[in-house]
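Computed from the coordinates by the stated procedures, all read-outs in this text should not be read as laboratory data. Bear in mind the structure is a predicted one, so any value in this text is a computation, not a measurement. Cβ coordinates were reconstructed from backbone atoms using ideal geometry, including for glycine residues, and neighbour counts include every protein chain displayed.
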Amino acid sequence: MRKFTGLAFLLLSYSLQGGGLETTGIISIDHSWSKDGLQKSKFTALIESSQNLTPNTSFTAIVRAQFVGPDALEPGQNNQPSVAPLSRRFNVSNSLELELRELYWDLDLDKTHLRLGKQQVVWGQADGLKLLDLINPQDFREFILEDFDDSRIPTWMVNFEWYLEAGDLQLLWIPDSSMHSLPGPGSTYEITAPFSSISPDVPQRFDPVDRPNRLFKDSDIGLRFSLFKVGWDITLNYFYHYDDFPVVRITVDSSGLLFTPQYERTHTFGASATNAFGDFVLRSEFVVNSDKYMRVVDSASVQGGTKSHEVAYVLGVDWSGLTDTFISMQVFQSRTRDNTDTNITFLLRRTFMNESLSTQILWLYHLNEDDNLLRLNATYELTSTLQISLYAERFSGKADELFGQFNKLDQIGIKLQLGI
């Protein structure tokens, strides 16, 4: 990883010296406070350089340098064991990191497009939560509070698109075995809800995560066919992959509890459909996972486990019938053999002062447990390249629930962002 990061910074240096690359960037400062004081202090510099090599080929590199403090957000140097070595961040120190976000080569021919390298691929259009957006794993060190573009973990892949008369066909081959990066013990957003009912007095042992790493046998394969039919934008999706969340099997013996995380394969079949009707836009996504593994407690061994098919969908309605106003509502639901999980989201966005001031309310409500997350944001453009944002985030619910586990982490913050 150090070599690839060094290569990207050499390319950046070349571009700044007038080497013919087009270079843009963003510098941001983000501070937030909770009732206990400073919760986050983040300085970010993101640089994107691209160059047309021939009329049909181009090259792009995106590099991010980030200083994150205080240390509680991610104590110590997170070695990211669930992320493939060539996709990990490079830790300069406990707080400073360098990351090669994307590095890819594009080739455009008459009816095909090929992109090779480290990249993000986005399926689905849901707000706040994800359903079809499952190609890239996610970094959860700030739970789901980061923008998806920032929290996705770009992976190395072959991305081929073929433009047919009937529609567009996309083929993905992903030999990169990166999985979700989950916060470690003691982190600000350590995920505890699934295990919060276990008494801390019970002795506990943890096996290391066994991440698949065979180049071909553990690769992921994706197919998407997209078309426009009678006013509908439609996609048909298939993804053969490892579930990015490990299933944690728990063994009970005389010495206490042994937690064993393992990754399991699944076939994901999906579809989406979007259409506009005047001021309304209807959105839908539908997913079937062939194998969804559940957490298992086994008094004899870690073998076995429970699994079932999972059917999940999101239905969304967007409305822009008022000037400078956008309203969206969504219903997410996931059904397995023994459980139905439902989330509802509400989004209100309104602009003022010729769109110089943008305000937004996003509310995510977990119907099963009556817990929720409320997010408020106001962004003002001081100049064409400089903007300031004020935001607040409030978690509600019990400590063993999806959002309630963070009910002591309500925060207010300020962010400055400069385009260069």
Subject >> Mean residue ellipticity (222 nm) of the chain, computed from DSSP H runs ≥ 4 via -39,500 (n - 2.57), nearest 500 >> reply: -1500 deg cm²/dmol
Original post:
Which of 59, 277, 140 moves most in a GNM of the chain, Cα contacts under 10 Å?
Top reply: 277
Subject >> Where GluC sites (Glu not before Pro) in DSSP loops with at most 16 other Cβ within 10 Å are excluded, longest remaining stretch of the chain >> reply: 1-145
Subject >> Residue of 256, 316, 184 that the Gaussian network model of the chain assigns the largest fluctuation, springs spanning Cα pairs under 10 Å >> reply: 256
Original post:
Of all the C-alpha pairs in segment 339-420, what % are more than 16 Å from each other?
Top reply: 60
Original post:
Which whole-Hz ³J(HN,Hα) couplings does segment 122-135 yield from phi under the Karplus relation 6.51 cos²θ - 1.76 cosθ + 1.60, θ = phi - 60°, glycine and proline marked x?
Top reply: 10, 10, x, 10, 5, 9, x, 10, 10, 10, 7, 6, 10, 6
Original post:
Any idea how far apart residue 180 and residue 398 come out in nm if each label point goes 7 Å out from Cα toward Cβ?
Top reply: 2.2
Original post:
Once the convex hull of the C-alpha atoms of the chain is built, how many Å³ does it hold per residue, rounded to a whole number?
Top reply: 166
**OP:** Would you look at the GNM of the chain, springs on alpha carbons closer than 10 Å, and say which of 291, 338, 279 moves the most?
**Re:** 338
**OP:** Take the alpha carbon atoms of segment 91-143, find their center, do the same for segment 30-82, and report the distance between the two centers in whole angstrom.
**Re:** 13
